[in-house]
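To keep things clear, I will list the structure first and then write my remarks on it.
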Amino acid sequence: MSLPLEDYAFVGNTRTGALIGRNGSVDWLCLPRFDSDACFAALLGEPVHGRWSLSPAGRTGTARRYLGHSLVLATDFTTESGGAVRVTDCMPVEGAHDSLIRRVEGVRGSVEVDTEIRLRFDYGLSEPWLRRDGDRVMAIAGPHTVAVDSPVPLQFRDGTLSGRFRVNAGDSVDLCLTYLRQGESAGQLPPAAAAIAGTRDWWQGWADRCTVGGRYRDPLIRSLLTLKALTYAPTGGILAAPTTSLPERLGGVRNWDYRYCWIRDATFTLLAFLDAGYTREAVAWREWLLRAVAGRPDQMQIMYGLHGERRLTEMELDWLPGYAGSTPVRIGNAAAGQFQLDVYGELMDALHQARSSGIEPDPDAWRVQRDLLDFLESRWSDPDEGIWEIRGPRRHFTHSKVMAWVAADRAVKDVERFDLDGPVPRWRRLRAEIFDEVCAKGYDAGRNTFTRSYGSPEVDAALLLMAPVGFLPATDPRIVGTVAAIERDLCQDGFVHRYRHERRPGAGHGRDAEADGLPPGEGAFLAASFWLADNYLLRGDLGRARATFERLLEVGNDVGLLAEEYDVDAARLVGNFPQALSHLQLVNTALNLTQAAGPARHRAEEARR
């Protein structure tokens, strides 16, 4: 059975990444890309579905850490006899191939170490043909070839490589797994010690570019490193998570493939990188956005593949039993075909923020924006699936309409400030029309709160974005009332749930009293909990903002990683891991707390100018 998510660390090379357990087992790895088929899929099943275990026989204690500000992981194991070894894991960023290096070093005494490599391609379905080539073993299955280099003898049995070797204090043993594309040869690999040192230096050099100091610098840099590791270097796209189908509730069915790039993260991403001093990454993200959405505005999607792929066909892998028995296991994501109004606002805002921050304008960006706004003018009044990607009937979600307002607002400001051409009087009328409708139909005066959708008795966590995007000030009584309603209806022990799954007594039988098309139950949404802290900060309550933020830091695991959600009752991370949006919001809220004009203030004040 898979370990708790807290027990996993993440290593990557900006093309793919692996999850490594506290027990020394690599339980998830897709090669050669984040969205490729997994060759180690034990995370979603059992060891038979593929893993690489490496640890001492008779281990009794474990401690681990990243080396400095890097994605080089060091795990120290102690044994019953008092011996100790250190396993250092890394995926070199530079080099001709995608490799996972595992160095075992003797720290104390003489220790026997066991290793077992079960390569199972196609998400645990295909057992490879193994053949020996000197100290190298080749694992081949159809288009896939992996070379395993080991100085110690590895035995073959049932498509599995295994071995036991002894390490004395001061000695080291280096093992390496390398993916080979068809026709490629691994050749002579560089010494592991040099590759590990070079990888550590690469990440440390990147981290040193961070311009932010203050009391939250360490968790902020760890989140920035995670975001950089989730950036697909060949295109600049940033995926939501390196995993699929980690459940939002243990044993549940809310299990989605997050190995794609979401448009709704656009502004969060851009501001996080810009405000931390990473202009190159912000520019690369903007370029990815423009390439991905190019074409007819009515064909814009909410998410794309790493290269901007549009077809993300969803299917279920029925041979995998799922993490903690949570089925189905899915690859692909049918939500890519949904209509979500909010993505138009996010894209318009991201491109506006890029201009405002002095990024050299792309000559085609404004043409794309004008086409998108022309489309939005005729569609903003339509119902949609909303930010939470419901698999039920479309509704008039309040957050979706607010983001349509953002799109019109940023278009007006782009013309006014940057001397761009556009029908400003018409866009101003559109902006005012949307604003008036949201305040009339999306606000419940009796309860003094904006609502999840028009006519709904419920709230949802996306309403916490109304003040940060500048729709209304955080001190406006209607926003204060909305935050209070969310605290009352959606907060559990200080953590914010996205929305209520159960029907409110007396809510009637309208659309918004219905479920979202799935069985109820999920964890608290960590990004929304950061949004709550931002609202406290924007209205001047620094103490509550800081307390909320620091509590969120506490639910990260021992190496500073966050999942999508947190199960308050079980005190466990749930959902795909590590989650980009959670780390984006950690960065943004940390910046809000340590800078005079952090991303939330900047975005909100920009809208009111």
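FYI, it's all coordinate maths here, none of it is from the lab. These numbers were taken from a predicted model, which means no experiment stands behind them. Here the Cβ positions follow ideal geometry from the backbone for every residue, glycine too, while neighbour counts run over all protein chains shown.
Results, tabulated for the structure shown:
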{"read-out": "Mean Cβ count within 10 Å, highest first, over the residues of peptides 282-288, 584-590", "value": "584-590, 282-288"}
{"read-out": "Rg [Å, one decimal], Dmax [Å, integer] - the stretch 5-201, C-alpha atoms", "value": "15.5, 47"}
{"read-out": "Calculated FRET value between A194 and D541, using beta carbons and R₀ = 51 Å, to 0.05", "value": "0.50"}
{"read-out": "Helical mean residue ellipticity (222 nm; -39500 (n - 2.57) per DSSP H run of 4+; nearest 500) of the chain", "value": "-10000 deg cm²/dmol"}
{"read-out": "Cβ crowding within 10 Å averaged over residues, with 234-245, 63-74, 437-448 ranked highest first", "value": "234-245, 63-74, 437-448"}
{"read-out": "Rounded tilt (10° steps) of 398-418 against the dominant C-alpha axis of the chain", "value": "80 degrees"}
{"read-out": "Sorted peptide list for 89-97, 163-171, criterion being average Cβ within 10 angstrom, highest first", "value": "89-97, 163-171"}
{"read-out": "Total charge dipole magnitude, the chain, about the Cα centre, Cβ charges on Lys, Arg, Asp, Glu only, Debye to nearest 20", "value": "620 debye"}
{"read-out": "Normalised contact order of the stretch 15-68, rounded percent, pairs of Cα under 8 Å and 6 or more residues apart", "value": "29 percent"}
{"read-out": "Separation of alpha-carbon centers, the stretch 415-479 and the stretch 237-294, rounded to whole Å", "value": "25 Å"}
{"read-out": "Hull shadow area, averaged, the stretch 393-434 [alpha-carbon convex hull, nm²]", "value": "3.2 nm²"}
{"read-out": "Alpha carbon centroid spacing (whole Å) that separates the stretch 30-104 from the stretch 481-501", "value": "38 Å"}
{"read-out": "Distance in nm between pseudo-label sites at T313 and E433 (7 Å out along the Cβ direction from Cα)", "value": "4.0 nm"}
{"read-out": "Euclidean distance of C-alpha centroids, the stretch 576-609 and the stretch 324-385, integer Å", "value": "19 Å"}
{"read-out": "Efficiency of FRET from Cβ geometry, S185 and E80, R₀ 45 Å, rounded to 0.05", "value": "0.55"}
{"read-out": "Helix 580-594 vs. the chain, principal-axis angle (Cα, 0 to 90°, nearest 10)", "value": "70 degrees"}
{"read-out": "Mean separation of Cα contacts under 8 Å (6+ apart) over length of the stretch 265-410, as relative contact order %", "value": "25 percent"}
{"read-out": "Convex hull projection area averaged over all views, the stretch 234-608, Cα basis, nm²", "value": "17.7 nm²"}
{"read-out": "Q299-A445 pseudo-label distance in nm [points 7 Å out on the Cα-to-Cβ vector]", "value": "4.6 nm"}
{"read-out": "The chain: angle of helix 542-554 to the longest principal axis, Cα-based, in degrees nearest 10", "value": "30 degrees"}
